[in-house]
Amino acid sequence: MTQLDSNIVIHCLKGREPATSRFLAATPSGIAIPSVVAYELEYGTLKIAGLPRRKILSRMLQNLEEVPFDREAAREAARIRVELERRGLMIAPLDLLIAGTVMSRGAILATNNTREFSRIKGLRLEDWTLPST
């Protein structure tokens, strides 16, 4: 399972390659979004996007599983935060929650924010803005 970060969804909304092709090629059961990403996308579209963009986002996400930020995700996010604090390598609070959700499910995170997320030991990453290898 691959969970999408908000920046990858935004790339797809804008039709940017190769993220769009990778999204379209994925099976719906093979990709999901963390509920924290759903929040980020909802906030962004309400704040800066018009009704057409909100409708496109809604259609795009309607068939994707939304992975909740639940007890397991909270436990994993807390573990990650403690580890990063000890190493002096903090990341943004919402990114901690996203990473906790992804790692608690043993999933891969598709993001182009690999600089920040690569600080987390054991988090598997794919940058969908780069050609697949």
Taking H placed 1.01 Å from N in the peptide plane, check which residues at least 5 places from LEU125 or on another chain put their amide H under 5 Å from its amide H.
LEU109
About the Cα centre, charge dipole magnitude for segment 2-126 (Lys/Arg +1, Asp/Glu -1 at Cβ), debye
200 debye
What residues qualify as long-range amide H neighbours of GLU65, i.e. H under 5 Å apart, gap of 5 or more or another chain, H built at 1.01 Å from N?
ILE33
Rounded to the nearest Å, the spacing of the alpha-carbon centers of segment 10-37 and segment 40-73 is 12 Å
Report, in debye and to the nearest 20, how large the dipole of segment 77-121 comes out about its Cα centre when Lys and Arg carry +1 and Asp and Glu carry -1 on their Cβ.
140 debye
To the nearest 500 deg cm²/dmol, what mean residue ellipticity at 222 nm is calculated for the chain from DSSP H runs of n ≥ 4 alone, each contributing -39,500 (n - 2.57), summed and divided by the residues?
-16500 deg cm²/dmol
When log10 I(q)/I(0) by the Debye sum over Cα atoms at q = 0.22 Å⁻¹ is calculated directly from the model, which label among (i) -1.55; (ii) -1.37; (iii) -1.18 fits?
(ii)
Treating cross-link reach as a plain straight distance, find the lysines whose alpha-carbon is under 22 Å from the alpha-carbon of LYS47, omitting any fewer than eight places away in the same chain.
LYS14, LYS55
How high is the relative contact order of the chain, in percent, counting Cα pairs under 8 Å that sit 6 or more residues apart?
32 percent
For ILE120, ILE108, ascending order of other Cβ atoms within 10 Å (fewest first) is ILE108, ILE120
Which of these, ILE48, ILE33, ILE56, has the largest mean-square fluctuation under a Gaussian network model of the chain (Cα springs below 10 Å)?
ILE48
Just tell me which lysines come within less than 22 Å, Cα to Cα, of LYS121; anything on the same chain fewer than 8 places away is out.
none
Among LYS47, LYS14, which comes first, second and so on when ranked by fewest other beta-carbon atoms within 10 Å?
LYS47, LYS14
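Bear in mind these aren't lab numbers, they're just calculated from the coordinates by the rules spelled out. On a predicted model such as this, the values are computed, not experimentally measured, just so you know. Backbone-built Cβ (ideal geometry, glycine too); neighbour counts: all protein chains shown.
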